[in-house]
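Participant: Sending over a structure as structure tokens; questions will come in a sec.
The values are calculated or read from the model by the stated rules, or taken from the named source; none is laboratory data. Computed from a predicted model, the values in this text were never measured in an experiment. Here the Cβ positions follow ideal geometry from the backbone for every residue, glycine too, while neighbour counts run over all protein chains shown. With ligands, DNA and RNA removed, areas are computed over all heavy atoms of the protein, side chains included. Shrake-Rupley method; radii C 1.70, N 1.55, O 1.52, S 1.80 Å.
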Amino acid sequence: MPGRLVTWGWIALLALGLAAPFVVYPVFAMNVLCLALFASAFNLLLGYTGLLSFGHAAFLGASAYTTGWALRSWGLPPELAVLLGTALAAALGLVFGALAIRRSGIYFAMITLGFAQLVYFLVVQLPWTGGEDGLQGIPRGRALGLFPLDDPRTAYWFVYAAFLGGFWLLHRAIHSPFGHVLRAIRENEPRAVSLGYDVARYKLLAFVLSAGVSGLAGGLKALVLQFASLSDVHWHRSGEVVLMTLLGGMGTVLGPSVGALLVVALENYLADTGSWVTVITGAVFVACVVAFRRGIVGEVRALVRRSFTGGKP
């Protein structure tokens, strides 16, 4: 039964993705996909490894600026530019993670926040980033040299294919022996050490994978919106991804995507309310935390288990 549910989940994800550009504005759908991938990457750390990072915006933003510069100034094809941004984010993850995993808890979170602020300072000061104006006028180019991404629906299929690739990679990692070790570290790290696992190595691998997929999301976001801004590297973005993960369901595969959809939809459709959008988003967050302790997807999953599988929530 669980395997069948997973299969139906993938079918539903594919169906929703294929229908999305015909139901909503493609740019909105692409923005949701980018942030859903970002939140899913963050969930690998928080939900499955138990590591709270306050600096994940550094990977999203660094990749966005790198991808944008590669497209605008070097004229690289979009797929190579996005891969370059992803590679840089993974490299940053390797450097930051190697230092951050030496500590745990709030100390780990503060170290990641410090690194993110360092990236933010560099983005403000470097001449090619555009400073407070951001990196604007990023061309979308042609995917594989054939498909013009200036067409919104063509761009959507490109972003959707990349999203599925990144999402599948995270799903595969979570449900592999590697993912089971991450859960063991989250639940009881001393016991994992006593069983002979190199906990530091597994944490670093999870950090690098999370950073790399976050970079993929950032590169796609720059391609979609055709600009990279300081908001992509600001600590507010790191807090926003925590909100998405908790709303949707920490430690669930689909939860962060649902949380990202909810947050982006609120920001988009309530934009006319001005500063009230922040108040409303906060109220929704409080309501979801009170009503859905496991997050939206977590509660739905528990209900399905109780109703159909007889398992405990």
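Participant: Out of region 49-67, which residues are within 14 Å of residue 250 (Cβ to Cβ), open to solvent by 10 Å² or more (accessible area, probe 1.4 Å) and of a type outside the set (A, V, I, L, M, F, W, C)?
Facilitator: 50
Participant: Could I ask something else about it? Scan region 74-84 and tell me whether some residue there is modelled with pLDDT of 95 or more and within 30 Å of residue 198 (Cβ to Cβ).
Facilitator: yes
Participant: Going through region 87-115 one residue at a time, which ones are open to solvent by less than 30 Å² (accessible area, probe 1.4 Å) and closer than 25 Å to residue 137 by Cα?
Facilitator: Residue satisfying the conditions is 89 alone.
Participant: Within region 18-39, which residues are under 17 Å from residue 210 (Cβ atoms) and open to solvent by 10 Å² or more (accessible area, probe 1.4 Å)?
Facilitator: none
Participant: Then there's this: Could you pull out every one of the helices (runs of 4 or more DSSP H) wholly within region 1-114 that has 1 or more residues that are in contact (Cβ under 8 Å) with a residue 60 or more places away in the chain and among the acidic types (Asp, Glu)?
Facilitator: In region 1-114, the matching helices (runs of 4 or more DSSP H) lie at 78-100.
Participant: Mind telling me which of the residues 253, 263, 258, 241 ends up being farther than 30 Å from residue 150 by Cβ, out of contact with any Leu (no Cβ under 6 Å at 6 or more places or on another chain) and assigned to a helix (DSSP H, G or I)?
Facilitator: Only one candidate passes the filter, namely 258.
Participant: Kindly indicate the residue of region 232-254 that is more than 21 Å from residue 118 (Cβ to Cβ) and under 11 Å from the mean Cα position of the chain (by Cα) and also surrounded by the most Cβ atoms within 10 Å (Cβ to Cβ) among those meeting that condition.
Facilitator: Only one residue tops the list, namely 244.
Participant: Out of all the residues in region 124-136, is one or more open to solvent by 40 Å² or more (accessible area, probe 1.4 Å), within 20 Å of residue 38 (Cα to Cα) and part of a helix (DSSP H, G or I)? Quick ask: steps written out before the conclusion?
Facilitator: Step one: list which residues in region 124-136 are open to solvent by 40 Å² or more (accessible area, probe 1.4 Å), which gives 124-128, 132-133, 136.
This time we only want the ones that are within 20 Å of residue 38 (Cα to Cα), so: none.
No, there is no match, as no residue in region 124-136 is open to solvent by 40 Å² or more (accessible area, probe 1.4 Å), within 20 Å of residue 38 (Cα to Cα) and part of a helix (DSSP H, G or I).
Participant: Also, I was wondering about something else. Mind listing whichever residues of region 292-307 are within 12 Å of residue 249 (Cβ to Cβ) and either open to solvent by less than 80 Å² (accessible area, probe 1.4 Å) or not in a helix (DSSP H, G or I) (or both)?
Facilitator: 292, 293, 294, 295, 296, 297, 298, 299, 302
Residues are listed down the side, and each one gets a yes or a no for (1) more than 18 Å from residue 41 (Cβ to Cβ); (2) out of contact with any Lys or Arg (no Cβ under 6 Å at 6 or more places or on another chain); (3) buried (at least 17 other Cβ atoms within 10 Å of the Cβ):
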{"position": "212", "(1), (2), (3)": "no, yes, yes"}
{"position": "230", "(1), (2), (3)": "yes, yes, yes"}
{"position": "261", "(1), (2), (3)": "no, yes, yes"}
{"position": "290", "(1), (2), (3)": "yes, yes, no"}
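Participant: Could you run through region 250-277 and say how many residues are without any contact (Cβ under 8 Å) to a residue 60 or more places away in the chain and in contact with an Asp or Glu (Cβ under 9 Å, 6 or more places away or on another chain)?
Facilitator: Qualifying residue count for the region: 1.
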